[in-house]
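Only the coordinates and a few stated rules stand behind these numbers; no lab work does. Worth saying up front: this structure is predicted, and the values here are computed from it rather than measured. No Cβ is skipped: glycine too gets one built from the backbone with ideal geometry, and neighbour counts run over all protein chains shown.
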Amino acid sequence: MWVWLGLMALGMPLFVSMGFSCLMYLWANGEILLSIPQRLTASANSFPLLAAPFFMLTGMAMNSAGITKRIYDFCECLAGRFRGGLAHVNVIGSVIFAGMSGSAVADAAGLGTIEIKAMTDEGYPLAFSAAVTAASATIGPIIPPSVPLLIYGVIADVSIGRLFAGGFIPGFLMAAALMVQIRWMAQKRGFGAHPAPTFREFVTKTRKALLSLMTPVILFGGMMAGVFTPTEAAFAAAAYALALGLFVYRELSWRDLPKIFLDTVETNAVVLMLVMTASLFGWVLARAQVPQQLGAWILGTTQNPLVILLLINVFLLFVGCFMEALAALIVLIPVFMPVIKAVGIDPVHFGLVAVLNLMIGTLTPPVGIVLFVVSRVAKLPFEEVARATAPFLVPLIVVLLLITVFPELVLFLPRVIFG
């Protein structure tokens, strides 16, 4: 453990520091080192894990194919008429895009460019525009498809379909809470609204966005109808997004594909290396009795599931300030799962609580990855974006407490859909 923390402090990549610390532990305890490649390859040999690169490819294809602009125009017709309208449009756009990309970073980088420009052109302060974009991007990994939920499901051996179904209500609650906050701030700061669109404008923008909006319908309709698994749904979504860009909208050329594929491979390679080394790290922790010792300590303090979840919330919110979300998920879930199972907490419920915790962490300095992305898109200092985003942490934490205290907000849909 100390070797791992020391290497991280020296700036080593997380997967390198985890892998090397595992190697040192096994060598020092006289273990057979051939177990390392066996564990690494076994963790990568996962059919559900195949969905991750296809969801990433879907998001990248949509950002390059003009799909995000059509989604934004459609959302403007829906919510532009309200006070602080473009900020509401920002949130609704993130809800729709969440059903396609599964990534907060993809949302912030893709829709963010369009949203921030549109809002500042209408006279919204740049810092406020960036803050709304950053806060709404956290909806992306909660409303399915979701790369973090997918990774959690693989690590914790939990049904991906149930996790995806469990994300709908929390995701919509996040959107509603952010829009309440925006309405209050718009009233306080005197933000205006767009005129309501004419019927012809609404029909035109809806028609242009209709094929783009069909992506989540294909995804979830196919999964619920049993046509394909979540992994096959990811492939279908990626193929559909590429077909829209190449043959329907024609804003994506064949020359763009190598770069899109290469970016997807590079991004997925990092995730896969983290999953592989984290699996090895979790196995080593189990051999060292770390989860058992932690579980005994927690259960010796309290056996109340709600109190345990609240304690884990505080811990994860703290960790999210210093550790990238996927990395924290991969490292910590194997440690917490024995405790969760011991007190009877539903692993689907815990998965949504943990992922929402770590998504809030993407908005908190010093390692808030979404803040970095939005500050780069908005061309604002990181510190200014962090200050402007702080008020939006309140509604997100309120939703986190709601789904922690009321598990049915997460578990209702999985029970209805899957029984």
With angles folded into 0 to 90 degrees, how steeply does helix 126-137 sit against the dominant principal axis of the chain? Use alpha carbons for both and round to 10. 60
What angle, in degrees between 0 and 90 and rounded to the nearest 10, separates the Cα long axis of helix 104-121 from the longest principal axis of the Cα atoms of the chain? 30
Between V270 and N304, how high is the FRET efficiency from 1/(1 + (r/R0)^6) when r is the Cβ-Cβ distance and R₀ = 35 Å? Nearest 0.05. 0.40
For the chain, the longest principal axis of the Cα atoms and the Cα long axis of helix 14-28 enclose an angle in degrees, to the nearest 10, of 10
Counting Lys and Arg as +1 and Asp and Glu as -1 over every other residue whose Cβ sits under 11 Å from the Cβ of K205, the net charge comes to +2
Of all the Cα-Cα pairs you can form in the chain, what percent are over 33 Å apart? 33
Among Y249, Y124, Y72, the residue with the largest mean-square fluctuation in a Gaussian network model of the chain built from Cα contacts under 10 Å is Y249
For a label point 7 angstrom out from the Cα of I397 toward its Cβ, which stretches of segment 288-318 have the backbone nitrogen within less than 15 Å? 310-318
Cα-based Lys proximity count in the chain, under 16 Å, for pairs eight or more positions apart or on separate chains: 4
Explain nothing, just compute: Karplus ³J(HN,Hα) = 6.51 cos²θ - 1.76 cosθ + 1.60, θ = phi - 60°, for every residue of segment 310-319 in order, whole Hz, x for Gly and Pro. 5, 5, 5, 4, 4, 5, 5, 4, 5, 4
From phi via Karplus (6.51, -1.76, 1.60), per-residue ³J(HN,Hα) for segment 64-76 in Hz, x at Gly/Pro: 9, 10, x, 6, 4, 5, 5, 5, 5, 4, 5, 5, 5
Among S136, V270, L150, which residue has its Cα positioned farthest towards the positive end of the charge dipole of segment 34-418, with +1 placed on the Cβ of Lys and Arg, -1 on the Cβ of Asp and Glu, and the dipole taken about the Cα centre? S136
If you place +1 on the Cβ of every Lys and Arg, -1 on the Cβ of every Asp and Glu, and leave all else neutral, what size is the dipole of segment 34-418 about its Cα centre, to the nearest 20 Debye? 480
If you take the beta carbon distance between R376 and V248 as r and set R0 to 22 Å, what does 1/(1 + (r/R0)^6) give as a FRET efficiency, to the nearest 0.05? 0.10
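If I take R0 = 30 Å and measure r between the Cβ atoms of T206 and L50 in this structure, what FRET efficiency does the formula 1/(1 + (r/R0)^6) give, to the nearest 0.05? Walk me through the numbers on the way to the answer.
Working: r = 34 Å, r/R0 = 1.13.
Computed FRET efficiency for T206 and L50: 0.30.
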Specify the inter-centroid distance of segment 56-92 and segment 251-297, based on alpha-carbon positions, in whole Å. 30
Lys and Arg at +1, Asp and Glu at -1: add these up for the other residues within a Cβ distance under 9 Å of D73 and post the number. +3
Structure-based [θ]222 nm, the chain - -39500 (n - 2.57) summed over DSSP H runs of at least 4, per residue, nearest 500: -25500 deg cm²/dmol
Can you give the net charge of the other residues whose Cβ lies under 12 Å from the Cβ of M56, counting K and R as +1 and D and E as -1? -2
Taking the alpha-carbon centroid of each part, what is the distance from segment 303-340 to segment 210-246 in angstrom? 32
